[in-house]
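Enquirer: The following block contains the structure, expressed as structure tokens.
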């Protein structure tokens, strides 16, 4: 997380908070890859691609994996989700093959592309997880699901028009002053614990920030305090003239 978000996390009681200043962009720029654990792959809503040869896939593959041999990946481009934020995980018995697949998907502009913790199926088995035998699925089917407490962009925009819903912008005062949603009130995340009485307890509450990081922290705090609340996990840009843009992160 960012230094500012780390500071806010500490104020909210989180411990052992550390900052990697360059973030994910810096990590990727340095030639590194992001790795997904078997635990994440087992429970998350992802696109999981087995890059091995069909015979190896048939002998044993991870449930929900789609079998696309590495040499056929380019030809399968049109199968991949329209959403460039869809989480995609590749695995193979050859780490270099998996890395090349990650670079290919990044070249297609997908933002959330990772490797399964190497060595793929073996790492999966070491966790004691089930392996399927027989042919794997050959077509990608991906439907984006919201995280617990998350509100869709469409429902958020509807909330902006409803007087029955309280919309809270948890960014800092300077960010709010530079541009904000017309109905949103500003209670910054670091002030939220001391300003709870300003929030109507009998209304549905939606919180947002610029990217969803502070919004999720605010959601967790308000939920703990008994509020009926959701948060927006998306990119937001508001201008002083009232116009705005919202996009998937």
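The values are calculated or read from the model by the stated rules, or taken from the named source; none is laboratory data. Computed from a predicted structure; not experimentally measured. Here Cβ is always computed from backbone atoms with ideal geometry, including for glycine, and neighbour counts include all displayed protein chains.
Enquirer: Go through the stretch 72-95 and give me each residue that's surrounded by fewer than 17 Cβ atoms within 10 Å (Cβ to Cβ) and not in a helix (DSSP H, G or I).
Expert: Initially, the stretch 72-95 is screened for residues surrounded by fewer than 17 Cβ atoms within 10 Å (Cβ to Cβ), giving 72, 74-79, 81-85, 93-95.
Within the stretch 72-95, 81, 82, 83, 84, 85, 93, 94 qualify.
Enquirer: Please find, among 98, 136, the residue that is touching a strand residue (DSSP E or B) at 6+ places or on another chain (Cβ under 6 Å), more than 15 Å from residue 35 (Cβ to Cβ) and crowded, with 16+ Cβ neighbours inside 10 Å.
Expert: Values: 98 fails: more than 15 Å from residue 35 (Cβ to Cβ).
Among 98, 136, only 136 is touching a strand residue (DSSP E or B) at 6+ places or on another chain (Cβ under 6 Å), more than 15 Å from residue 35 (Cβ to Cβ) and crowded, with 16+ Cβ neighbours inside 10 Å.
Enquirer: Name, by its number, the condition in (1) at pLDDT below 95; (2) in contact with a helix residue (DSSP H, G or I) (Cβ under 9 Å, 6 or more places away or on another chain); (3) in a helix (DSSP H, G or I) that does not hold for residue 122.
Expert: Answer for residue 122: the failing condition is (2).
Enquirer: Could I ask something else about it? Could you say whether any residue in the stretch 63-71 is without any contact (Cβ under 8 Å) to a residue 60 or more places away in the chain, surrounded by fewer than 20 Cβ atoms within 10 Å (Cβ to Cβ) and farther than 29 Å from residue 128 by Cα?
Expert: Yes, there is a match, as at least one residue in the stretch 63-71 is without any contact (Cβ under 8 Å) to a residue 60 or more places away in the chain, surrounded by fewer than 20 Cβ atoms within 10 Å (Cβ to Cβ) and farther than 29 Å from residue 128 by Cα.
Enquirer: Is at least one residue of the stretch 186-203 touching a helix residue (DSSP H, G or I) at 6+ places or on another chain (Cβ under 9 Å) and closer than 18 Å to residue 157 by Cβ?
Expert: Checking the stretch 186-203: not a single residue is touching a helix residue (DSSP H, G or I) at 6+ places or on another chain (Cβ under 9 Å) and closer than 18 Å to residue 157 by Cβ.
Enquirer: Taking the stretch 43-62, which residues are closer than 29 Å to residue 148 by Cα, in contact (Cβ under 8 Å) with a residue 40 or more places away in the chain and surrounded by fewer than 16 Cβ atoms within 10 Å (Cβ to Cβ)?
Expert: 44, 45
Enquirer: Does the stretch 156-177 include one or more residues that are in contact (Cβ under 8 Å) with a residue 40 or more places away in the chain, in a helix (DSSP H, G or I) and crowded, with 16+ Cβ neighbours inside 10 Å? Step through it out loud before you land on a result.
Expert: We begin by selecting, within the stretch 156-177, every residue in contact (Cβ under 8 Å) with a residue 40 or more places away in the chain; these are 156-157, 159, 164-171.
Narrowing further to those that are in a helix (DSSP H, G or I): 156-157, 159.
Then drop every residue that is not crowded, with 16+ Cβ neighbours inside 10 Å, which leaves 156, 159.
Yes; the residues of the stretch 156-177 include at least one that is in contact (Cβ under 8 Å) with a residue 40 or more places away in the chain, in a helix (DSSP H, G or I) and crowded, with 16+ Cβ neighbours inside 10 Å.
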